[in-house]
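None of the figures in this text is laboratory data; all of them are computed from the coordinates on show. Here the structure is a predicted model, which is why all the values come from computation and not from measurement. Note that each Cβ is placed from the backbone with ideal geometry, even for glycine, and that neighbours are counted across all protein chains shown.
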Amino acid sequence: MYIQALNAKKRLFREEHPDVATSLNNLAFLHKSQGRYSEAEPLFLRALEMRKRFLGEQHPDVPSSLNSLAVLYKSQGRYSEAEPLYIQALDMRKRLLGEQHPDFASSLNNLAVLYKSQGRYNEAEPLYIQALDMRKRLLGEQHPDVASSLNNLAVLYKSQGRYKEAEALYVKALELFEQKLGENHPNTVICRKNLAGLRFVEEIH
């Protein structure tokens, strides 16, 4: 379906249009989700180049492309390449959208996830907390993104052996996910497994 959409837009716009970049980005995400990283990377890079050219380097879609490429690199363990892209996307969103925008909170969260993956817990924690506080304020305390932030912070605390703090956050996140997304949603299932895994670790300690 993504390929059909891309081909249709190429015919319509002759490859020189921001909508083609969007289709390239969507196809790249599909390849990434399938683990086809070598196919995803050139599509993400092409989409980024097109957005800069057609929309200008200060358009909000540019940090979105930077973030997409950073997510790919993180998935591949290419942390040193992902970090400057995440930071650039964060700085651009702060400048273009302001610090009170949900996309800025997402960038904070993404950088925190990267730092956590590298074991840089002291750098990750304040970013997770800032993203959580922003999402509560901007989206409301019952929003699924708040549950995601709670889950992410719990994962960090578990990695640090802060089990009681992690459990309280997992419980709150799971309750939110079940209310807002349903018991069988992938995010709910992951959070439930995270909580069960934590409780197992607590039992054997």
Item checked: Listed peptides 145-152, 130-137 by packing density, highest first (mean Cβ within 10 Å) -> 145-152, 130-137
Note to self: For semi-axes √(5λ) of the Cα gyration tensor in Å, pick the label among (i) 42, 25, 14; (ii) 33, 18, 17; (iii) 25, 20, 18 that corresponds to the value derived from the coordinates.
What the structure shows: (ii)
Notebook entry, point to check: In nanometres, what is the gap between the two model label sites at Lys94 and His185, each 7 Å from Cα along Cα-to-Cβ?
Noted result: 3.0 nm
Next item on the list: Could you compute the FRET efficiency for Glu81 and Asp19, with r as their C-beta to C-beta distance and R0 at 41 Å, rounded to 0.05?
Entry: 0.90
Item checked: Centre separation in Å (Cα based) which lies between segment 145-195 and segment 56-104 -> 25 Å
Next item on the list: Give the cross-link partners of Lys74 among the lysines, using a straight C-alpha distance below 17 Å as the criterion and excluding same-chain residues fewer than 8 apart.
Entry: Lys32, Lys116
Checklist line | Gyration tensor (alpha-carbon) shape descriptor, segment 122-184, a/c threshold 1.5 | finding: oblate
Next item on the list: Using the Cα centre as the reference, give the magnitude of the dipole from point charges on the C-beta atoms of the chain (Lys, Arg: +1; Asp, Glu: -1; all else neutral), rounded to the nearest 20 debye.
Entry: 340 debye
